[in-house]
1. Against the globular-protein guess of 2.2 N^0.38 Å, express the Cα radius of gyration of region 411-561 as a ratio, rounded to two decimals.
2. Sorted by mean Cβ packing within 10 Å, highest first, what order do the peptides 243-253, 327-337 take?
3. Calculate the FRET efficiency for HIS116 and ASP509 from the Cβ-Cβ distance with a Förster distance of 56 Å, rounded to the nearest 0.05.
4. Roughly how many nanometres apart are two label points built 7 Å out from the Cα toward the Cβ at HIS69 and ARG10?
5. Which lysines does LYS253 reach when only Cα atoms under 26 Å apart count, and residues fewer than 8 places away in its own chain are ignored?
6. In Å, the Kirkwood hydrodynamic radius of the chain over pairs of distinct alpha carbons?
7. Would you mind calculating the gained length between ALA332 and GLU79 on full extension (0.36 nm times residue separation, minus the Cα-Cα distance), in nm to one decimal?
8. Check the straight Cα-Cα distances from LYS537 and name the lysines below 17 Å, setting aside those fewer than 8 residues away within the same chain.
Amino acid sequence: MHMNQKFSSRYILAELARHRPRFSDLGIDSLGKGRLAAGNMVADPEAECGFQLSSEGEATFVYTLSSSHQPVWRISFFERRILLTSFSTDSITPANDLTLRFDQSHSFATLIGKMHQESGSMELPCLLHLPGQGSLAVSCNQPGIRLGYSSSRRCTPPYVNVTFPAATPESPCISYHLEVVAVYPDLGPAGSDSIYDGLKRNFLNIFQINPATRTLANNASSDPVPFIIYSCAEFARACPPLPGGLTCLDLVKMTVNRYLDGFLGYGQVGYGCSAASPPNPECVAWPTPWTSLDSIPSLLISAAICAESDNDCTWARDRWGVMIEMAREMIAADRDGNGLVEYPRSGNFGDRPTAESRPSNWWDCINFGHEDAYSNALVYRASRMLAQLATRLEYPDDAAALDSFADKLKKAYVPAFFNPSTGILAGWRSADGQLHDYWFTFVQSVAICCGLVEDPLAAEIMDRILSKMDEVGFNRFDLGLPGNLIPIPKGDYVFHGDPPEIFGEPLLDDGTDGFQYYENGGTTGCWVYYTISALYKTGRSKQAAMLMRSMLESCAQNVFLGFGENGMSRDWRDWKGGCHGYEGLLAENFLVLLAVSQYGANMPMETEKSQSITTQEFAFNVSGKQEI
């Protein structure tokens, strides 16, 4: 190395490649505390590419063409800002563009902003968000300039590319300003406590835009999934405005519009295997002949939330025809007229899912089928929210039909799913009439949050869930929560992956050999928000606050980001902390941060780091009296 190509401050760590306009490393700390992660970028080849790098002082660097010594880029670093200035040259080629090539093995970078729908490029201003680190607000001195944006997870290493177009004769000098910022809601007087540092650096993690699909997705190179969009919509309500006046609800509306216009995502018939959605090596296809039960209600909840900010109702009225048709399709899934929607797969024990016939909801390795308690809770919420929107739009007949169905569903729900032998809700009732109850934590919480279970039963259910955690010895609340607290037998679980021992596909009939792996009792942050909310709703505020604090500490340590030593990702863990996921960043893990904006004032604050939460601290007796 012939010169110092590096810069560092409390906010920025950067290194430039010698042979082309490219950053060979870039890390930030949006809080200016010097916690700067290195190794975020794909290693740059050392081959000559026709450029030379020189320095102009300690913090300014210039790329020139080797052939003519014409300056192409001047890069200046400041404590919390980077200035990229491009100059037009006699040689205009794509090689003149400046690229940030993030290695997804280390950083799940994403651009957050308004996408140009035809090209997939990103309009300015926008945010370059680095999960676990914070954001860079990106702006430009020239109107109409857009950033190149692409990604791939089917290569080594997986990457996210962000490209700054070079100057041209038409725009002979282009300047890009990148300023380190932290975007999060007002946390009140307690916001200075370091417990919130993880929230401040990670608050936008849930908004991962896939550049190929121009939608929110699991992460920037992963599948677009309609059944997670309602979580993004819920979260967007709490987000402050973004640079340039964009809001996070705008991102949700961008995505909802795509689906309302006929775009398909994972969970919808034909995704990745039809003329409407051709096969794509980047995606995990959905060859199942039915759309999952939670896809339509998720999109309808999201649309209703988007409509809340539509003051003159123009967008909602323009989209109402598509929304109400989707609602009618959703309601028509109640094929036997009992008030509950049904999925065509039987859900019978032993009728295991296959690659061509997936289960009915987000938990796509568990044999959810027929009457699904989780999906029906979303259907209920979607019906109520859409009925309110119909009233606002002055469509009284639609409002009445939606409310009538919601009333019928609520009346049927608890009798259908309540298991008297455990005192909680089962996950599903299969076509043969059997309840499948594996102590699903998320089913109870979502049903209570959606208003389907009232006190005192709601409080009793949460007490039993907490007591069951104590009974089975689960105490790793820093890792999130298991979806189920007892093993799912082989007859009700399958993972179509390799190797099965990593993902929890049981070989033994009782499922014990697969327990605590992936969806078979593995821990994740994805559903903790609903448990916190249900605990608050049922008056268990101390337990809710302690769980919330534990999750905040985990977010500060980036517990749910990246990959472990075994090569598997941290978004799913066993109860000892071993990694068993594959995404690296699963957006829903960060919905838990919404709980802080809603309930943070109720969280006890200590200046010292809290001790690990024990099951005894969570325990209740059957009367609901706290045993602390």
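Any read-out appearing in this document is the output of simple, stated calculations on the displayed coordinates, not a laboratory observation. What you see is a predicted model, and the numbers here were worked out from it, not measured in a lab. Note that each Cβ is placed from the backbone with ideal geometry, even for glycine, and that neighbours are counted across all protein chains shown.
1. Numbers: Rg = 15.7 Å, N = 151, 2.2 N^0.38 = 14.8 Å.
Dividing the Cα Rg of region 411-561 by 2.2 N^0.38 Å gives 1.06.
2. Details: 243-253: 19.2, 327-337: 15.2.
So the order, starting with the most tightly packed, is 243-253, 327-337.
3. Working: r = 53 Å, r/R0 = 0.95.
The pair HIS116/ASP509 has a calculated efficiency of 0.55.
4. 4.1 nm
5. Correct list for LYS253: LYS114, LYS200.
6. 25.5 Å
7. The ALA332-GLU79 span can extend by a further 85.2 nm.
8. Cross-link targets: LYS625.
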